[in-house]
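Worksheet for the structure shown next.
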Amino acid sequence: MSEKKHILSILVDNEPGVLSRIAGLFSGRGYNIESLSVAPTNDPAVSRVTMVTVADEDIMEQIKKQLHKLINVITVHDLTGANFIQRELALIKVNAKSDNREEILRIVNIFRYKIVDVAPDSFIIQATAKGDKLDAFIKLLTPMGIKEIVKTGSIALYRGN
Amino acid sequence: MKLTGAQILMKVFEEEGVDTIFGYPGGAVLDIYDALDRTEINHVLVRHEQGAVHAADGYARAANKTGVCLVTSGPGATNTVTGIASAYMDSIPMVIITGQVSSHLIGNDAFQEVDIVGITRPCTKHNYLVKDIHKLASVLREAFYLARSGRPGPVLVDIPKDVSNLTTTYEKPQVGSKIEMRSYKPTYKPNIKQVQKIVSLLKKAKKPIIFSGGGAIHSGAAEALTEFARKTKIPVTSSLMGLGAFPGTDPLWLGMLGMHGTYRANLAVSTCDLMIAIGVRFDDRVTGKTDVFAKNATIVQIDIDPTSIHKNIPVAVPIVGDCRMALEELNSLIDNENIDDLCNERDAWFAQIEEWKNTKPLAYEQGEAIKPQYVIDKFFELTKGEAIVTTEVGQNQMWAAQYYHFNKPNHFITSGGLGCMGFGLPAAIGAQMACPDKIVADIAGDGSIQMNIQEMATAVQYGLPVKIIILNNRYLGMVRQWQELFYKRRYASTTLDHNPDFVKLAEAFGALGLRATKPEDVEKVLKEGLASPKTVIMEFITDREENVYPMVPAGKAITDMLLV
């Protein structure tokens, strides 16, 4: 069976140890976590975990059931195939010397990202996008000399209701 | 009413009807033990914390209640891990209370500090560290609720020393108040449409089979299962954990399934056209090679835990729910049907099964040395199948499963999933505490009995007439069997030629020690041991290289059996 990327949106009790239960479930059963993002929701007693995982259909079914079996997990939604918005945030520190500052600004403008820090020989760019678009952006910047990158895991929500 | 944390713990024990707990004291639980000493609760002082958990396991299964154990922090807590893992694999309702160092010391590598909540996360149904005294009572109630509801399992509550010592207001829960957890709502009532599908499948099936497991016992489905099988004339097999849910002396009984299952059960499963699986999880010891397991069958699976369904074996009709409720539903549906429509051409199916039964029955030949199977046969005969039998793990466990024909649920107590040597003796202690008037026997090997032999002192202290049957072949028999069959008889580290004198050992503990070396002594020793009011070790010097057959080599199809 073929493996596919899935994006899971998991609501959990906002309690110590919950993330460890989820991570332990994945490592203990040999599932794979590609990215992970966690923060409290508008209800401070509840956190949302957004997770990207790669698995075939049978394993995916087990992952969802096993997650649901954890006592602190409230709901598990597999957004894959549904109508949803997905974003990642990246901060990219790139070399910015006099000969390429203009070029960097142009690229940033085309993508409609933002420069959030300006130093004598570097910029920090804030980029928000879906994974593949972000990859394309990073590829364009690479020749300029990327110094450091930090990326969040994906976050996602269903569109509409 | 203002109470200390330790007193609140006692109050919750009282609310939950706890009358017996198994434990071992230590620094972090001094306050709890001080409070416990002033209650009516029986405390069984084990000699090692692993024994406490296995004893609570045996107690839970024999009494059909939640087992409780209490241990201190650090090594007290880590010593429980094997027992907890075993209870988790076998879905046994249990609450484990561990002491913890005081809150302000947590994380400082304090004396006897260990992160037991972290350690037991993957082998408990759930666990808690209680840092706030105000939450203690509600956490404890939740722990008991989780342990016994849904798919049962062990729940651990870690209580720092200061929390057991601080005081807060205790309020009795209101009568009839229920625990509500938004993230935990087990499904008990099965989907009726799914249950109806079984009835339609029965109308078409010519070679149906029932495969039941531990879930049938935990849910109290034995009666409904027996009624269903007899009404519809369907032969029954079970996993190791399921023994006793259907009477082992019933003509419809096929014997156990799997690696050491009977010839007819393994062939019947591989031939059947409909399998109704009840409270099983299709463990590898049952299925062998999964892609040919029950390959001709439409499989219906009833289980309270959705993760058990479609995990190892594809299932045509999944039914999530309580096994007992599903079977009762099914029985009432069947009452509205013409029963002959549901029992198509059974004669041919039974004739086939009878032929398999006669081709390769479970058998052994009693020669000059005592055959281990003969000991169990005799023990079954003398106890009329009424004993509660615990086992260690290995050949002793398999022979017990094959030759003691369990007619009732909760009478066979074994570490099925984890396969934990050293389980039987403490489990027998727990079972005997639960059922003081029953014969409780641990069927053991000379290897595994030594893993928790210290619990002899516990059995003697509490005057428990536990019967320990040691099948002594001076080997770690099951591992030796594998070495004989698959490692060219190279017996690496499986020879036990420095065993203690078990009779003298029994006497040293203050128990009765008996030994049989010849077949003609077997019955005499069993009778004498059964008649004694003391804890008794009955040692049987058995045929050294007797093997458990049938045997399906690991990873092979269950039809690929090695036979005697």
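Please treat every number below as a calculation from the coordinates, not as lab data. Please read all numbers here as calculations on a predicted model, not as lab measurements. Every residue, glycine among them, receives a Cβ derived from its backbone with ideal geometry; neighbour counts consider all protein chains shown.
Some points to look at:
- Counted charge near residue B:407, where neighbours are those whose Cβ lies closer than 9 Å (Asp, Glu -1; Lys, Arg +1): -1
- Evaluating 6.51 cos²θ - 1.76 cosθ + 1.60 at θ = phi - 60° for every residue in the stretch B:299-309, the Karplus couplings come out as 9, 9, 10, 10, 7, 7, 9, x, 5, 6, 8 Hz, glycine and proline recorded as x.
- Taking the Kirkwood radius as Rh and the Cα radius of gyration as Rg, the stretch A:4-78 has a ratio of Rg/Rh equal to 0.94.
- Other protein chain Cβ atoms within 10 Å, averaged over every residue that makes up B:257-268: 0
- Mean Cβ count within 10 Å, highest first, over the residues of peptides B:283-293, B:65-75, A:114-124: B:65-75, B:283-293, A:114-124
- Relative intensity, log₁₀ I(q)/I(0), of the protein assembly as shown from a Debye sum that treats every alpha carbon as a point, q = 0.07, 0.10 Å⁻¹: -0.57, -1.05
- Note on the protein assembly as shown: antiparallel DSSP beta bridges, both residues inside, total approximately 45 percent of the bridges counted.
- Cut-off under 5 Å, modelled amide H: who pairs with residue B:516 long-range: B:539, B:540, B:541
- Distances between placed amide hydrogens fall under 5 Å for residue B:253 paired with B:236, all partners being 5 or more residues away or on another chain.
- Near residue B:328, once Lys and Arg are set to +1 and Asp and Glu to -1 for all other residues with Cβ below 12 Å from its Cβ, the sum equals -3.
- Placing +1 on each Lys and Arg Cβ and -1 on each Asp and Glu Cβ, with no other charges, gives the stretch B:2-169 a dipole about its Cα centre of roughly 380 debye.
- Global size of the stretch B:375-497: 14.6, 47 Å for Rg and Dmax (C-alpha atoms, Rg to one decimal, Dmax whole).
- With contacts taken as Cα pairs under 8 Å and at least 6 residues apart, the stretch B:192-359 reaches a relative contact order of 29 percent.
- Over chain A, Cα pairs under 8 Å with separation of 6+ residues give a relative contact order of 28 percent.
- 10 Å Cβ neighbours from other chains, averaged over peptide B:179-188: 3
- Inter-chain shielding of B:79-87 (mean C-beta neighbours from other protein chains, 10 Å cut-off): 0
- Counting charges near residue A:76 (Lys, Arg +1; Asp, Glu -1) among other residues having Cβ under 12 Å from its Cβ returns a value of +2.
- The H on the amide N of residue A:75, modeled in the peptide plane, is under 5 Å from the matching H of A:11, each at least 5 residues off or on a different chain.
- Unit charges on C-beta of K, R, D, E only; dipole of chain B, Debye: 1080 debye
- Each peptide in B:9-17, B:480-488 was scored by the mean count of other Cβ atoms within 10 Å over its residues; highest first, the order is B:9-17, B:480-488.
- Sequence-ordered 3J(HN,Hα) estimates for the stretch A:2-19 from the Karplus curve with 6.51, -1.76 and 1.60 and θ = phi - 60° stand at 8, 7, 9, 7, 10, 10, 9, 10, 10, 9, 10, 4, 7, 9, x, x, 5, 4 Hz, glycine and proline given as x.
- All-pairs Cα distance distribution in the stretch A:85-158, expressed in whole percent, bin size 10 Å: 20, 56, 20, 4, 0
- Converting phi to 3J(HN,Hα) with the Karplus coefficients 6.51, -1.76 and 1.60 and the offset θ = phi - 60°, the stretch B:397-402 yields 5, 5, 5, 4, 5, 7 Hz in sequence order, with x at every glycine or proline.
- Around the Cα centre of the protein assembly as shown, unit charges on the Cβ atoms of Lys, Arg, Asp and Glu (plus for the first two, minus for the last two) sum to a dipole of about 1720 debye.
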